[in-house]
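I have placed the structure first, in the form of structure tokens, so that the comments after it can refer back to it.
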């Protein structure tokens, strides 16, 4: 085989890998990092609201860019558990080396890269954002951060994921799947709580209460009556203690609630499924009761008005989808002899 034909075959394999990954998981550029690498194997199962995937491959590189992310993509996060081999993962400016048993989190609506120079196996737990936030109030803070297999309950969470994957293949009732999903998410959440406790230097009691407050906020974010006083009353905490819990993060509780509402509104503004809703409808559905206040706060947060934000992101997304379709055409249509 000539060098030119060998390169063409290598590129064709990369195209087929990308198509397989896009079909089974999500749109991304996937390519082998060795000329003799076997095609990856992807096994998919469901565990309650979680989609469980097992990816087995030789040396591989996976890159998901802004071009690959479409407005119709459902927002979800993926826990990546490295079962065999090692890999590098990058997202949100964080770069981490994953070894067997390690765990990290990926935001599927943000660019990322995953690369391994050896045969590897990973389990991916794709969790809808609304389900995940019942366990991890601010999942984006965890993306690209490595939890080592020797930390606290990380190895236990990994063993649970592997065991559930095997049992899913053998068959589990819907009730067992639902309960398994709850237990697994709770276990992984506990791993992150312990990790943030060490990083922040706060007591476990303070960390647990901070987590509890943020969970309450996520569960009531749409309520216009949500306020520090309401939170303190429902959680039986004093207003002073509530302020102290959030002071460690250099953000007041009111600022946190406002930021989270704005982030949810911004996500809906560029979501094709919400294109038929007005900006005011979106704002009011997330707890705002004043259109001028929402517009002013949104501009301060994103440096664009809600209308301009929606229009600009829609235009960029349309252009990205067109470029992506053209790139696919180049892969799928062979060059003339």
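Throughout, read-outs are computed from the coordinates displayed, never taken from laboratory work. The model shown is predicted, which means the values in this text are computed figures rather than measured ones. Cβ: placed from backbone, ideal geometry, glycine included. Neighbour counts: every protein chain shown.
The modelled label-to-label distance between residue 225 and residue 176, using points 7 Å beyond Cα along the C-beta direction, is 4.3 nm.
The length gained on full extension between residue 16 and residue 212, counted as 0.36 nm times the residue separation minus their Cα-Cα distance, comes to 66.0 nm. Spin-label pair residue 296-residue 254: with each label point 7 Å from Cα along the Cα-Cβ axis, the two points sit 1.3 nm from one another.
The ranking of 241, 92 from fewest to most other beta carbons within 10 Å of each one's beta carbon is 241, 92.
Label-to-label distance for residue 239 and residue 151 is 3.7 nm, based on points extended 7 Å past Cα in the beta-carbon direction. Between the C-alpha center of region 218-256 and that of region 21-94 there is a gap of 37 Å.
Between residue 285 and residue 118, the contour length at 0.36 nm per residue exceeds the Cα-Cα span by 55.3 nm.
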